[in-house]
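Let me begin by presenting the structure, written as structure tokens, before commenting on it.
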Amino acid sequence: MTDSVFLPDPENKAKSVEAMFDRISGKYDRMNRLLTFRLDVAWRKAAVREIEGGPNALVIDLACGTGDMCNDLQAAGYTALGFDFSMGMLCNASTTAALTRADVLRLPLPDSCVDAVSCGFALRNFTGIEPFFAECARVLRPGGRLVVLDAGEPKSKILRFGHSLYFRKLVPFIGGLLSDRAAYSYLPASTAYLPEPHVVNNLIRAAGFRAVVHRRFGFGAIHRFVGTRT
């Protein structure tokens with residue numbers, strides 16, 4: 001099965017992805033709950049627990065979308081700031097956290113100014129993964145945590161078959177009925193942009209992080225990466 005038919009070329013990726021999220025922003029949260037059977041809520045909360053910051057620690061959520069992760073960060077006692085390049089997502093946000101429209105590869109922040117960085121299910125949407133980790137390292141204070149979630153493939157052949165059937169066939173079908181078929185075809189296909197987990201670990205280390213830990217959830221369909229700024 002070839003997914004490349006759904007993927008924009010590198011030169012047009014940023015504009016294409018931005019326009020896609022603008023289109024689906026109004027139904028994005030409801031679709032996430034439906035398509036993940038509300039497991040996305042648990043995955044985010046588990047990610048927030050990995051931050052281990054002090055009271056009122058400043059945490060930025062990158063590619064924040066409508067602010068779901070920001071809400072979880074605030075509930076954990078952190079001061080949350082969100083950044084996203086989709087104005088549609090920001091306009092449909094449901095959070096009291098401060099949100100800013102920005103390219104997360106070029107954040108409007110000084111060096112070493114935040115205590116932690118979170119990012120949920122967005123690595124594959126960036127035009128570059130290495131520049132993203134470099135920017136996270138730039139804005140983080142020494143000892144600050146980076147916590148990243150994204151999609152993956154189960155290791156088991158049987159589970160991988162079932163996951164592929166649901167993620168690459170049923171998700172686009174449901175997305176087409178309830179929202180935007182092109183967008184919900186892109187989202188599963190875009191996992192092709194993601195390197196293998198061990199490569200992601202190495203990229204995080206190379207950007208200036210130590211104690212990098214990778215963990216799988218959802219029978220391997222979800223990956224979490226955690227690193228500490230050196």
Discussion item. Only one of Met89, Met69, Met31 is aliphatic (A, V, I, L, M), assigned to a helix (DSSP H, G or I) and over 15 Å from the mean Cα position of the chain (by Cα). Can you tell me which?
Written reply: Met31
Worksheet item: If you check every pair at least six apart or on different chains, which have Cβ atoms under 6 Å apart with a residue in the stretch 12-26 that is touching a residue at least 60 places away in the same chain (Cβ under 8 Å) first and a residue that is part of a helix (DSSP H, G or I) and hydrophobic (A, V, I, L, M, F, W, C) second?
Response: Met20/Ala183; Phe21/Met89; Ile24/Ala183; Ser25/Met89
Worksheet item: Can you name every residue in the stretch 120-165 that is within 23 Å of Lys15 (Cα to Cα) and either small (Gly, Ala, Ser) or in contact with an Asp or Glu (Cβ under 7 Å, 6 or more places away or on another chain) (or both)?
Response: Gly120, Phe121, Ala122, Leu123, Arg124, Gly128, Ala134, Ala151
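Just to be sure, is Met87 crowded, with 18+ Cβ neighbours inside 10 Å and not β-branched (Val, Ile, Thr)?
Details: crowded, with 18+ Cβ neighbours inside 10 Å: no; not β-branched (Val, Ile, Thr): yes.
In short, no.
Residue by residue, here is whether (1) under 30 Å from Asp22 (Cα atoms); (2) in contact with a strand residue (DSSP E or B) (Cβ under 7 Å, 6 or more places away or on another chain); (3) surrounded by 14 or more Cβ atoms within 10 Å (Cβ to Cβ) holds:
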| residue | (1), (2), (3) |
| --- | --- |
| Lys169 | yes, no, no |
| Ser185 | yes, no, yes |
| Glu196 | yes, no, no |
| Ile204 | yes, yes, yes |
Worksheet, complete the sentence: Considering residues that are among the hydrophobic types (A, V, I, L, M, F, W, C) and either without any contact (Cβ under 8 Å) to a residue 40 or more places away in the chain or outside any strand (DSSP E or B) (or both), the number found within the stretch 215-230 is 2
Item to complete: For the stretch 72-84, name all the residues that are assigned to a helix (DSSP H, G or I), buried (at least 19 other Cβ atoms within 10 Å of the Cβ) and either of a type in the set (A, V, I, L, M) or within 14 Å of the chain's Cα centre (by Cα) (or both).
Response: Leu73
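A short reminder: the numbers here are calculations on the coordinates, not readings from a lab. As the structure is a prediction and not an experimental result, all values here were calculated from the model. Cβ sites come from the backbone with ideal geometry, for glycine too, and all protein chains shown count toward neighbours.
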